[in-house]
Amino acid sequence: MKEQVQESADSLDRVQRWMQAVITHPEGVLSGADGEAARELIDAGRGNLESVVTRSRSLEAADRLAIYANAYYARLIECVGDVFPVLKRVLGDEVFDSFAFDYLQAYPSKRYTLNYLGDSFVDFLRETRPDPEEGNDEVDWADLLIDLAILEWTIYEVFDGPGTEKERMLETGDVAGVDPAAWMSIHLHTPACLQLLQMSYPVNQFYTAVRASDEELVVDYPDAVTSYVAISRRDYIVRRYDLTRPQYELLKVLQAGGAIGQALEACMEVVSDEDLDQLLVDVQQWFSNWTSERCFFQATQKGEIGMDKQDGKDF
Amino acid sequence: MNEKQESSIHDQSRRDFFNKLAVAAGGGVLLGAAGVARAADEKSPLLTDPHTCKGLNTCKGKGAGGKNDCAGQGACATAEKHSCHGHNACKGQGGCGSSAGQNACKGKGECSVPLGKKTWKSTRKAFEAAAKKAGIKVGPAPK
């Protein structure tokens, strides 16, 4: 009896894996049944499908399996589209679905959750993009689409990842006692949900314009201009902020664990001499905005001015 | 004044400027932190509920055409993915028996598309068409 149960379980497992191989084959059920993966499990082939799956009154075995095969891809393509809604709108449903289908061949779904289904889509676009024209190293239209995919995937990750909602963020009491001379060596710690992007196009503005526009309206494609974007999450809402280059350089250093002094140094490198006075005004406003937007959750001080604590010190 | 002295003055003014910048940054942090404290005092109880929007999923499938309070703010469109996550076990299977034809038809549409670089070619066409409609000139396509 025990052996019979085991045999049945083995058999069920084999049929399930066979069915998976058949219905996920990119060229359809018949090719799937003929494929090596399926034949290794059950050597039926397209001519013998009904030895595994019976026909119904109205459908043959191949048609019945095709329902699952088609639904499998239709579902996954829909899921990829849900992650990249603006890219899908820009490309149009048909073209986007083509990309999504190709992508699923290159990067088949292998996780138990669909959360990660789109995690290699940007890589896929980069790998398959047309080669730039010979002698032309400028960015082109394909970069705009890739930028858009990067932005949408980042929004998706920030939405789903850890946010600041349950974190105790930086408060007045944490920094009220800081000696003015000490700010240079203060480290402001950024939350994991803060993402900084450098793009070839002003893609954040393009994204907003497409989302805000009527479905039927064609939004002008932007000219290629390097742009900087910060993405974060507060109160469970993903926030997007356009950054200037100096802001981006500043935040990048802070995010990497650098002290305010180091961040300011990086920032100054991209500011012209005539703008330095203005920088003095701007920097205060920037830090004020970022703090109130919950970009920092902790301030610590290390070594530089005699508070040599290996793990940093909370104020 | 020799070169060394000039360099020393330059270093000094640079250090001074840096110090001013750092103090300005610190002042900004203090201002921002005070703003956070004020905002916390004024915060609606709804916003302090950890289930707002994301947890409760009120912004996912609800609201006409998915356009609700959150949709314009960038977060909730991405939330639509959860309609797949939550229902993925039954989504493709429900209705297959009674509407098998439709389902098969839809799937075949997806599967007949060209692969690889051909997709980029059709993308380029779509891109050119959209650019033309918008009155934008685009350069020649890469080979």
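The values are calculated or read from the model by the stated rules, or taken from the named source; none is laboratory data. Given the structure is predicted, the values throughout are model-derived calculations rather than measurements. Because the Cβ atoms are built from the backbone with ideal geometry, glycine has one as well, and the counts that use them run over all protein chains shown.
If I ask for residues that are more than 14 Å from chain B (Cβ to nearest Cβ) and crowded, with 19+ Cβ neighbours inside 10 Å, which ones from segment A:22-35 would you list? Within segment A:22-35, A:33 is the sole residue that qualifies. Looking at this structure, is residue A:221 surrounded by fewer than 21 Cβ atoms within 10 Å (Cβ to Cβ) and assigned by TED's automatic domain parsing to the domain that holds residue A:151? It is true that residue A:221 is surrounded by fewer than 21 Cβ atoms within 10 Å (Cβ to Cβ) and assigned by TED's automatic domain parsing to the domain that holds residue A:151.
Taken together, A:117, A:76, A:170 contain a single residue that is within 9 Å of chain B (Cβ to nearest Cβ), touching a residue at least 24 places away in the same chain (Cβ under 8 Å), under 22 Å from residue A:234 (Cα atoms) and of a type in the set (A, V, I, L, M), which is A:170. If the condition is being crowded, with 20+ Cβ neighbours inside 10 Å, in a loop (DSSP other than H, G, I, E, B) and of a type outside the set (Ser, Thr, Tyr), then segment A:143-164 contributes only A:163. The residues of segment A:133-142 that are at pLDDT 75 or above, at the interface with another protein chain (Cβ under 7 Å from one of its Cβ atoms) and assigned to a loop (DSSP other than H, G, I, E, B) amount to a single one, A:140. Checking segment A:105-113 against the condition returns no match, with no residue being in contact with a Lys or Arg (Cβ under 9 Å, 6 or more places away or on another chain) and either buried (at least 17 other Cβ atoms within 10 Å of the Cβ) or in a loop (DSSP other than H, G, I, E, B) (or both). Just wondering, is there one or more residues in segment A:84-94 that are part of a loop (DSSP other than H, G, I, E, B) and at pLDDT 95 or above? Yes - at least one qualifying residue is present in segment A:84-94.
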